[in-house]
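*Asks:* I'd like to ask some things about the structure below.
The values are calculated or read from the model by the stated rules, or taken from the named source; none is laboratory data. Quantities reported herein were computed from a predicted structural model and do not represent experimental measurements. Every residue, glycine among them, receives a Cβ derived from its backbone with ideal geometry; neighbour counts consider all protein chains shown. In case anyone asks, the SASA skips ligands and DNA or RNA and just uses the protein heavy atoms, side chains included. Shrake-Rupley method; radii C 1.70, N 1.55, O 1.52, S 1.80 Å.
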Amino acid sequence: MRTGAFLKGSAALVLVAAAMFGCASLAPLPPLDPRVASSAFTDTGATRLGSAIAPLVQAHPALSGIYPLAEGRDAFAARILLAQRAERSLDIQYYIWRNDLTGVLMLDALRAAAARGVRVRLLLDDNNTAGLDGLLLALDRAPNIEVRLFNPFTTRAWRGLGYLTDFARVNRRMHNKSFTVDNQVTIVGGRNIGDEYFGAANDVLFADLDVMAIGPAVQAVSHDFDRYWNSASAYPVGALVDAGAGQPAQGLAERAAALRRAPAAQAYLRILRSLPFVEQLAERRLSLEWGEARLVSDDPAKVRGEGTAQARVGVRLRSLLGEPQRQLDLVSPYFVPGKATTAELGAIASRGTAVRILTNSLEATDVPAVHAGYAKWRRELLQAGVSLYELRREGMTEPAERGSGLGSSSSSLHAKTFAVDRQRIFVGSFNFDPRSFDLNTEMGLVIDSPALATALGTRLTQSMPQHAYRVQIEPDGRMVWLERTGQGVRRHEEEPGTGFWKRAGVRILGWLPIDWLL
């Protein structure tokens with residue numbers, strides 16, 4: 001889910017509010033003076049995690065150990081188990097935190113950690129915290145937990161007004177995602193916190209990717225978290241939310257317990273307990289890939305329109321990943337290349353480099369406006385020799401326990417990853433779109449690992465024919481979508497799985513000068 005989706009969904013609210021209240025200025029942001037700066041603990045080597053990790057890191061000096069989390073349930077289990085094993089600190093930063101099964105269970109894990117003396121710092125972008133104010137305030141009041149909201153809305157009930165009166169500021173969001181435990185282990189990638197990201201939703205699954213890391217990458221992520229936590233855009237939740245909105249802290253534990261008793265939750269938790277990953281992680285038997293892992297992260301001042309363009313993630317990625325010579329694999333759910341990136345990708349392909357791009361089809365995307373920004377460049381990319389694949393709506397679902405009622409009837413791509421020459425790979429929050437380049441803050445790891453980069457290429461080669469449409473231009477100039485089925489290849493002359501009005505709406509959106517917002 002993106003800021004663009006919020007804008008679309010709140011457009012009517014903004015118009016009504018404008019008619020009712022005009023353009024009266026909203027309350028200013030509160031002062032930051034009472035806020036106390038803090039930093040990551042560095043003396044955590046004696047923790048259970050630190051003691052277990054130290055021999056591994058010492059055996060691989062200057063390298064980070066990486067474990068990819070491609071399956072949503074593994075990704076949730078990793079976070080829960082690590083939170084349960086935390087002894088000193090949990091530093092957590094997200095764009096979206098849902099008020100659903102996995103979101104509540106994760107918050108309860110943070111509450112439980114704080115109750116046993118773990119310092120918890122939770123930093124959330126404020127764009128998607130509607131309905132959570134009371135719960136977050138209750139957590140913030142509990143011992144050992146501090147909650148801050150990044151680039152917040154000053155009006156809590158009528159947030160759409162913020163886009164009307166303070167658009168230049170609130171249109172910029174913190175899209176970063178990290179989960180760091182005892183400054184010893186971190187999880188970085190594309191997933192937010194919510195059922196659709198962890199294979200717990202019945203309607204849709206976001207095919208996504210995180211990596212769990214130990215070694216120098218962890219300290220880099222911790223330092224970056226401090227940079228955001230202490231930035232001029234991170235406000236204590238208590239300075240923003242009315243004191244009367246708080247809920248009893250015990251209410252979270254009671255709600256989590258009630259959720260666990262629900263049949264769907266029991267089925268989900270039963271699947272989690274049966275995962276081989278859970279036992280391997282608990283017994284420290286995971287096979288790690290070791291390589292240099294370099295953090296790329298935007299300056300938090302980017303949301304205030306400050307900082308240099310050269311320091312932005314999009315610019316740094318070009319230099320760290322290098323110039324593709326043989327192969328470029330790019331996975332981006334929200335792919336809006338624009339004129340410059342289209343020309344750049346075309347130039348790479350024209351030199352004989354194999355360029356493969358996987359993004360969402362129109363039937364699979366959760367933001368049609370973004371698809372409109374991509375579709376206008378599709379023909380030019382194909383003519384330049386770029387291979388385009390679009391994920392089908394019913395593809396890449398996770399296996400569900402028979403009869404559990406879990407699993408997804410449809411899926412949507414959400415992973416943000418790309419690999420160069422099967423040598424280096426990026427995993428993080430960055431999309432190939434103007435919003436990631438110019439508006440939102442982003443982060444991720446560039447990992448020198450032929451094994452991980454090759455694994456991405458192999459997975460795309462094996463999975464795309466079964467789960468994605470291949471987009472091509474016919475000799476007569478028509479664009480077609482090729483779908484491989486058990487009966488052979490099915491040819492679509494219109495965007496598959498969509499009706500006339502949806503296609504027409506996307507075409508109209510493509511005419512509008514809104515690419516910079518996407």
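*Asks:* Just checking, how many residues over the range 141-163 are of a type outside the set (D, E, K, R) and open to solvent by less than 10 Å² (accessible area, probe 1.4 Å)?
*Replies:* 8
*Asks:* Taking Phe277 as the residue in question, decide whether it is under 22 Å from the mean Cα position of the chain (by Cα) and either closer than 30 Å to Ala27 by Cα or without any contact (Cβ under 8 Å) to a residue 12 or more places away in the chain (or both).
*Replies:* no
*Asks:* Can you list the strands (runs of 3 or more DSSP E) found entirely within the range 467-518 that contain at least 1 residues being open to solvent by less than 100 Å² (accessible area, probe 1.4 Å), in contact with a Gly (Cβ under 7 Å, 6 or more places away or on another chain) and within 20 Å of Leu382 (Cβ to Cβ)?
*Replies:* 468-473
*Asks:* Report, by residue number, each residue of the range 337-391 that is β-branched (Val, Ile, Thr) and either open to solvent by 10 Å² or more (accessible area, probe 1.4 Å) or within 18 Å of Gln325 (Cα to Cα) (or both).
*Replies:* Once the filter is applied, which keeps residues that are β-branched (Val, Ile, Thr) and either open to solvent by 10 Å² or more (accessible area, probe 1.4 Å) or within 18 Å of Gln325 (Cα to Cα) (or both), the range 337-391 yields Thr341, Thr342, Ile348, Thr353, Val355, Ile357, Thr365, Val386.
*Asks:* While we're on this one: Mind counting the residues in the range 282-315 that are buried (at least 17 other Cβ atoms within 10 Å of the Cβ) and either closer than 15 Å to Asn176 by Cβ or of a type in the set (Ser, Thr, Tyr) (or both)?
*Replies:* Result for the range 282-315: 11.
*Asks:* Taking only the range 124-159 into account, find how many residues are among the small types (Gly, Ala, Ser) and in contact with a helix residue (DSSP H, G or I) (Cβ under 6 Å, 6 or more places away or on another chain).
*Replies:* 3
*Asks:* Can you tell me which of (1) crowded, with 24+ Cβ neighbours inside 10 Å; (2) in contact with a helix residue (DSSP H, G or I) (Cβ under 7 Å, 6 or more places away or on another chain); (3) not hydrophobic (A, V, I, L, M, F, W, C) is the one Glu196 doesn't meet?
*Replies:* Every condition holds for Glu196 apart from (2).
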